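Colleague: Following this message is one structure expressed as structure tokens.
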Amino acid sequence: MAAHLGFEQDTLAQELNAVFVVAGLEIAYRKPARFNDALLVDAKIDTIGRASLLFKQEIWREGRNNSRELLTTASVKVVCVNTGTFRSMTIPTAIRELLQ
């Protein structure tokens, strides 16, 4: 989730006793992808809560002449949990600052 920001799940677990888990998923399949399709996956943070993040995701088929066709949309909720108890916890400040 935050690997491109310098946070790997194993590092979060070891150093902050925190990991992110999927708590909910809503997905709409509009059209199928086919073998050898060039796909573009776009994911953006929509909402940052105290202990959760809501991502909006889209999957597009890339066509000729820079055209794109929307195949799938999704909302993914992830929750920050304590590695010892697996109860939700506040997103660590270092991560929150990078996400905002």
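Colleague: Evaluate 2.2 N^0.38 Å with N set to the residue count of the chain, then give the Cα radius of gyration divided by it.
Modeller: Values: Rg = 16.2 Å, N = 100, 2.2 N^0.38 = 12.7 Å.
Taking the Cα Rg and dividing by 2.2 N^0.38 Å, one obtains 1.28.
Colleague: Moving to a separate point now. Heavy atoms of the protein only, probe of 1.4 Å, neighbouring chains included. What is the accessible area of residue 37 in Å², nearest 10?
Modeller: 50 Å²
Colleague: Just tell me which aspartates and glutamates come within less than 13 Å, Cα to Cα, of residue 56; anything on the same chain fewer than 8 places away is out.
Modeller: Counting by Cα, and skipping residues close in sequence, residue 56 has these aspartates and glutamates nearby: 26, 42, 46.
Colleague: Taking the Cα centroid of the range 68-100 and of the range 7-61, what is the distance between the two, rounded to the nearest whole Å?
Modeller: 8 Å
Colleague: Tell me, what ³J(HN,Hα) does each residue in the range 18-23 have, in order and in whole Hz, if you take phi through Karplus 6.51 cos²θ - 1.76 cosθ + 1.60 with θ = phi - 60° and put x for Gly and Pro?
Modeller: Working through the residues one at a time gives 9, 9, 9, 10, 6, 10 Hz.
Colleague: Heavy-atom accessible area of residue 77 with all protein chains present, probe 1.4 Å, nearest 10 Å²?
Modeller: Solvent-accessible area, nearest 10 Å²: 90 Å².
Colleague: Given a 1.4 Å probe, how much area per residue of the chain is accessible, in Å²? Intermediate results must be reported in sequence, preceding the final value.
Modeller: Values: 6900 Å² over 100 residues.
I get 69 Å² per residue for this part.
The values are calculated or read from the model by the stated rules, or taken from the named source; none is laboratory data. From a predicted model like this one, the values you see are computed outputs, not experimental measurements. With ligands, DNA and RNA removed, areas are computed over all heavy atoms of the protein, side chains included. Shrake-Rupley method; radii C 1.70, N 1.55, O 1.52, S 1.80 Å.
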